[in-house]
Amino acid sequence: MRLGCAAATLLMLALTAPAAAVDVSVRSTQITSFRGAGLDAPVDGLIFRGGMAMRAQDDTFGGLSSLAITGSEQQVVFVTDRGNFVSGRLAYDDSNRLFGFIGVTIEPMRNSKGEILPRQYAKDAESVDTIIRDGVPVGVRVGFEHLTRVADFTLTDSVPGGAAREVAIPDWLTDARTNETLESVCIAPPASPIAGSTLLLAEDILDEDGNHRGWFLGNEDKGSVTYANSEVVNPTDCAFLPNGDLLVLERGIALFTFRMELRRVPAAEVRPGNLMQGELLLSASGSDIDNMESVAVHTAPGGETRILIGSDNNFNDWQRSILLEFALPEGPSP
């Protein structure tokens, strides 16, 4: 949540957070062009498949910092700057175009005692991925800034909740108490050489060579890793492709407008002790994007592997909550 935030805004968010789960109606408008390209047209190293802009009357909807797939029927969850889970289902039309976010509920996250997180300093959730055991989603793993930590939550009918289970992380992360700490958490898939390991990647904690610090949580693959720094963007989320390649979404500001880059790191390079440097798949700035903070990989209803990239509007009226969808060139047509 590095961009567009202020202490007064955080106080307002704390005062307006829900005390229990609420149902929210989300209105969506389809996005059919991106950087001058139409549907199914190539943009850099990807194919644009469409997207949508989302709005709701309920002021608890917004601040969508990260996204994870929680079920096989397009069930998803966002985590937010207010410490909420925003759960629902992505809706597709007969042409496999994303057109809606339906069945949406917003529920506050809870601490290890089952109590709602007490103050905004502890609520700033910035990353989430799904925990899968024996092919079944059983929980989500969430990363927080400010009060930097990682916690797991149980999935029930594809919706996360219940008491947090704290996950041990390195002291250099725990001791960092800013809004530029833990932006990216993602769990390696079965095809990865580090299958099951969790990658933690910092937004703006750098090593002595000026690269972003990271850490792997795992039994056999535990240890430090770094990610190549850029002068204009910082990592803000990550996701793995089914083959184990890593996607890193980067975000920044250039000439008073948002900028984003998406990079792909080969699976063999995603390992402890390495400096990861990704190939640029996609870049954009200006009105085609907003404050892009979330990336996730899923299988669309037609069977195509797709990449979702979403924005965090920081609960500002002048920003948007958008979700864009892309495919890799080698994928089948929708």
### Rounded to the nearest 20 debye, dipole of the chain from Cβ charges on Lys, Arg, Asp, Glu
540
### Task
Might you report the magnitude of the Cβ-based charge dipole of segment 202-334 about its Cα centre, with Lys and Arg at +1 and Asp and Glu at -1, to the nearest 20 debye?
180
### Task
For the chain, build the charge dipole from Cβ charges (+1 Lys, Arg; -1 Asp, Glu) around the Cα centre, then report which of Val265, Phe61, Gly210 sits farthest towards its positive end.
Phe61
## Note on the structure
Note: Asp40 to Ile253 extended length (0.36 nm per residue) minus current alpha-carbon separation gives 73.9 nm
### Query
Using θ = phi - 60° and the Karplus form 6.51 cos²θ - 1.76 cosθ + 1.60, what ³J(HN,Hα) does each residue of segment 178-184 get, whole Hz, x for Gly and Pro?
9, 9, 10, 9, 8, 9, 10
### Task
Read phi for every residue in segment 137-144 and hand back ³J(HN,Hα) as whole Hz from Karplus 6.51 cos²θ - 1.76 cosθ + 1.60, θ = phi - 60°, with x for Gly and Pro.
x, 10, x, 10, 10, 10, x, 10
## Note on the structure
Inter-part gap, Cα centre of segment 55-105 to Cα centre of segment 147-207, in whole angstrom, is 20
### Query
Can you list residues whose amide H is under 5 Å from Ala37's amide H, if they're 5+ apart or on another chain and H is modeled 1.01 Å from N?
none
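How far, in nm, would the chain grow between Ala53 and Glu279 when pulled straight, counting 0.36 nm per residue and subtracting the alpha carbon separation?
The Ala53-Glu279 span can extend by a further 78.6 nm.
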### Task
Specify whether the C-alpha gyration tensor of segment 114-191 places it in the rounded, prolate or oblate class, a ≥ b ≥ c being the square roots of the eigenvalues: rounded for a/c under 1.5, otherwise prolate if a/b is larger than b/c and oblate if not.
oblate
### Message
Using +1 at the C-beta of Lys and Arg and -1 at the C-beta of Asp and Glu, which of Thr80, Val104, Gly114 has the Cα lying farthest in the positive direction of the dipole of segment 75-132?
### Response
Gly114
### Query
Which value in nm describes the separation of the simple spin-label points at Lys222 and Ser72, placed 7 Å from the Cα toward the beta carbon?
3.4
## Note on the structure
Put in order of increasing Cβ neighbours within 10 Å, starting from the fewest, Ser230, Ser112 give Ser112, Ser230
## Note on the structure
Applying the gyration tensor rule to the Cα atoms of segment 82-132 (axes a ≥ b ≥ c; rounded if a/c under 1.5, else prolate if a/b exceeds b/c, else oblate), the class is prolate
### Query
Put +1 on the Cβ of every Lys and Arg and -1 on every Asp and Glu Cβ in the chain; which of Pro189, Thr29, Asn274 then has its Cα farthest towards the positive end of the dipole?
Thr29
### Message
Multiplying the sequence separation of Glu115 and Trp172 by 0.36 nm and subtracting their Cα-Cα distance, what value in nm do you get?
### Response
17.8 nm
### Task
Sort the chain into rounded, prolate or oblate with this rule: let a ≥ b ≥ c be the square roots of the eigenvalues of the Cα gyration tensor; rounded if a/c is under 1.5, and if a/c is not under 1.5, prolate when a/b is larger than b/c, oblate otherwise.
rounded
#### Entry: Inter-probe distance in nm under a simple model that places probes 7 Å from Cα toward Cβ, at Ser25 and Ala191
4.2
### Message
For Ala163, project a label point 7 Å along Cα to C-beta. Then give me every residue of segment 112-134 with its amide nitrogen under 17 Å of that point.
### Response
112-118
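Laboratory data are not the source of any read-out in this text; all were calculated from the coordinates shown. Nothing here was measured: the structure is a model prediction, and the numbers come from that model. Don't worry about glycine lacking a Cβ; one is built from the backbone with ideal geometry, like all the others, and counts go over all protein chains shown.
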